[in-house]
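First the structure, in the form of structure tokens, and then the observations on it.
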Amino acid sequence: MRAKSGESALQSDERGFRPLLRKGHRFARDAADRPILMFEEVYKSYRAGAPVLRGMDLVIERGEFVYITGASGAGKSTLLRLLYRAETVDEGRILFMGRDIARLTDTSVPFLRRNIGTVFQQFKLVETWSVYENVAIALEVLGLPQRLIRSRVGEALERVGLAGRGECLARVLSGGEQQRVAIARAIVGEPALLLADEPTGNLDPQLALDILGLFEEINESGTTVLFATHDRSLLDVRTRRVIVLDEGKALDVPLGPPSEGELLELPH
Amino acid sequence: MNTAITRRATRGMRREWRLHVLAIFSLSVSFVCLAMALLVVTNIHALSERWQTTSQLTAYLKEGAPTDQVTELREALKKVAGVTSVEYVSSTEAHAEFSSKEAKAQDDARNELLALPVEAFPASLEIRLDADITRESLTGLVRQLGQFPVVLEVETYERWTERLAALVSKGVLASGFFSVIVLLSVLAIVGSTIRLVLHRRKNEVEVLRLIGATDSFVKGPFLLEGGAQGAFSAALAIVIVGAIYLLARTRLHETIAPFFGIDIAFLPWPAVILIVVFGGIMGTVAANLGLRKLVTV
């Protein structure tokens, strides 16, 4: 079960997920019944004549754990960047809980990002800050009271196995620990969606499996996880839905990673 | 104010203290120029005010003016509307008054002045006027006095007041000029400091963007740091000018004050507060301009 808090600032309640919205914006009740993500004919290119995504269609339901895989340059990172609006689509729509991400104003983007946790290969921590500060900042941007922040950060650090390490500077931690801090920061605000862009890329195989296990635990608590990786060994760990990005399209493999032979047979 | 923003600002300033101290010292030089100019203007203005409110005329008398004509003139003046008193000062009395004022002076030039003969100081009528006397009445009185054969010259002090007013306006102009210099310095120094700080904290900004921080949350600490730089620089400049004033005060009181009839004063508190607030606002504005190329993710 997702941890619930008595405070209303975060988004869980009996009816399910409620996104963090700007003041004056109302939450549409039927949004909870819609898929969490829908890509409709999405096109994206950085150079003319070389599109990364070519009319990609994809639906991701609430609570899913989905691997995004594909060769280098296939568009895994682009897909994730489109989701947290670091990029905008050239054509098509990406609906996050029914809302078109591309149509958000610049001032609304931070509110979108508060509903999406992000974890990267390079951790993206502030190395001169302590572990606690790195995690707490995700709640400070929401303007929560310090008392609540302290308890939520404590819970998050416990979830990622870093209880009692709050005072350590981020730069003195090992790579695996730094990634755990990044995960704690991503989940402390209880986002609806967790994006992981090659989160195990800098870790050794055993640590990579530990981190994958952590993402699975988070997913079990109800958070939708999109896990981008090109590491096939991770895909083989458990049968999960896999989205293979190939030639700018998403090839959906609902029951686990395809063998190389199956991949060749998939319709392009 | 958001505590997270203030905490990040103080943490940032602590971490980059050398950079901030250097910027504050550089900026304070400009603020010292501004504060000095304002100090001079304040005192010239006080002097001008003092002389403007001195409703007095001095009618210098010709050497050997007959006593009965002088007495007659004195009595006639007493009857003129707007004249409150008329006092006769003889050459001997004028010499004695000058000697008493300059008695403490040690330098050679003053000793030479003291050696002047009594005849060098003409007898005069010191005419005190109502404070609210009109310019027209004053001009008429001066014209009439000039027609008396015993009167050598009439001193209205108006020339001095005009000169002082001109000095005040020049001082205000100089202060305006220094304000522009300060403004440009603040923009250049705070702007580049904040850009440097921003470059060093690029990663922090990127993280904040990723977790959904609003523009004001991201910019807040940098604006606070810029504002603090400006305010601290202005405050430091005030302290420097204050120290100079304290050191020079005794000497100024001995030399300039008796000559002009006013005490050399320091900047009034409202001006001090205004300079510091001006510094803070300018620092914030400069920081904001420096943040135009804020990292976007």
Query raised in the report: For residues in region A:145-170 being out of contact with any Ser or Thr (no Cβ under 9 Å at 6 or more places or on another chain) and within 12 Å of chain B (Cβ to nearest Cβ), which is least open to solvent (accessible area, probe 1.4 Å)?
Result: A:149
Report task. Filter region B:187-203 for residues that are closer than 30 Å to residue A:120 by Cα, in contact (Cβ under 8 Å) with a residue 24 or more places away in the chain and part of a helix (DSSP H, G or I) and give the result. Result -> B:194, B:195, B:196, B:197, B:198, B:200, B:202
Report task. Give the residue that is nearest to the chain's Cα centre (by Cα), with candidates limited to residues of region A:119-132 that are within 11 Å of chain B (Cβ to nearest Cβ) and farther than 17 Å from residue B:15 by Cβ. Result -> A:119
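For region B:143-186, enumerate the residues that are under 26 Å from residue B:68 (Cβ atoms) and either open to solvent by less than 40 Å² (accessible area, probe 1.4 Å) or not in a helix (DSSP H, G or I) (or both).
Applying the first criterion (under 26 Å from residue B:68 (Cβ atoms)) to region B:143-186 yields B:143-155.
Listed by number, the residues that qualify are B:145, B:147, B:148, B:149, B:150, B:151, B:152, B:153, B:154, B:155.
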Requested in this report: Mind listing just one residue for me: the one in region B:187-227 that is of a type in the set (S, T, N, Q) and within 14 Å of another protein chain (Cβ to nearest Cβ) and, of those, surrounded by the most Cβ atoms within 10 Å (Cβ to Cβ)?
Outcome: B:214
Report summary line: Selection over region A:234-246 where residues are modelled with pLDDT of 85 or more and either open to solvent by 20 Å² or more (accessible area, probe 1.4 Å) or small (Gly, Ala, Ser) (or both) yields a count of 3
Query raised in the report: Is it the case that region A:190-207 has a residue that's open to solvent by less than 30 Å² (accessible area, probe 1.4 Å), within 24 Å of residue B:3 (Cα to Cα), within 21 Å of the chain's Cα centre (by Cα) and aliphatic (A, V, I, L, M)?
Result: no
Report task. Working only within region A:65-94, note down all residues that are surrounded by fewer than 17 Cβ atoms within 10 Å (Cβ to Cβ) and touching a residue at least 60 places away in the same chain (Cβ under 8 Å). Result -> A:71, A:72
Requested in this report: Take residue A:111 and decide whether it is touching a Lys or Arg at 6+ places or on another chain (Cβ under 8 Å), more than 14 Å from every other protein chain (Cβ to nearest Cβ) and in contact (Cβ under 8 Å) with a residue 60 or more places away in the chain.
Outcome: no
Query raised in the report: Are any of the residues in region B:269-292 touching a Ser or Thr at 6+ places or on another chain (Cβ under 6 Å) and farther than 30 Å from residue A:139 by Cα?
Result: yes
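A quick yes/no check of all residues on (1) over 17 Å from residue B:179 (Cα atoms); (2) at pLDDT 85 or above; (3) assigned by TED's automatic domain parsing to the domain that holds residue B:26:
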| residue | (1), (2), (3) |
| --- | --- |
| B:236 | no, yes, yes |
| B:239 | yes, yes, yes |
| B:258 | yes, no, yes |
| B:271 | no, yes, yes |
| B:276 | no, yes, yes |
| B:295 | yes, no, no |
Report task. Kindly establish whether residue B:71 is open to solvent by 30 Å² or more (accessible area, probe 1.4 Å), free of Cβ contacts under 8 Å to residues at least 24 places away in the same chain, assigned to a helix (DSSP H, G or I) and β-branched (Val, Ile, Thr). Result -> yes
Query raised in the report: When both residues are 6+ apart or on different chains and their Cβ atoms are under 7 Å apart, which pairs have a first residue that lies in region A:133-144 and is at the interface with another protein chain (Cβ under 7 Å from one of its Cβ atoms), and a second that is crowded, with 21+ Cβ neighbours inside 10 Å and outside any helix (DSSP H, G or I)?
Result: A:137/B:211; A:138/A:188; A:138/A:189; A:138/B:211; A:141/B:211; A:141/B:212; A:141/B:213
**Report entry** Filtered residues of region B:125-137 (kept if surrounded by fewer than 13 Cβ atoms within 10 Å (Cβ to Cβ), assigned to a helix (DSSP H, G or I) and of a type outside the set (Lys, Arg))
**Finding:** B:136
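From the list B:140, B:212, which residue is small (Gly, Ala, Ser) and either in a helix (DSSP H, G or I) or not assigned by TED's automatic domain parsing to the domain that holds residue B:41 (or both)? Break it down stepwise before answering.
On the way: B:212 fails: either in a helix (DSSP H, G or I) or not assigned by TED's automatic domain parsing to the domain that holds residue B:41 (or both).
Selected residue: B:140, the only one of B:140, B:212 that is small (Gly, Ala, Ser) and either in a helix (DSSP H, G or I) or not assigned by TED's automatic domain parsing to the domain that holds residue B:41 (or both).
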**Report entry** Whichever residue in region B:1-25 is farther than 18 Å from residue B:208 by Cα and among the charged types (D, E, K, R) and, among such residues, is nearest to the other protein chains (Cβ to nearest Cβ)
**Finding:** B:15
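The values are calculated or read from the model by the stated rules, or taken from the named source; none is laboratory data. All values derive from a computational prediction rather than experimental measurement. All Cβ positions, glycine included, derive from the backbone under ideal geometry; neighbour counts span all protein chains shown. Each accessible area value is taken on the protein alone, full model and side chains, heavy atoms only, with ligands, DNA and RNA left out. Shrake-Rupley method; radii C 1.70, N 1.55, O 1.52, S 1.80 Å.
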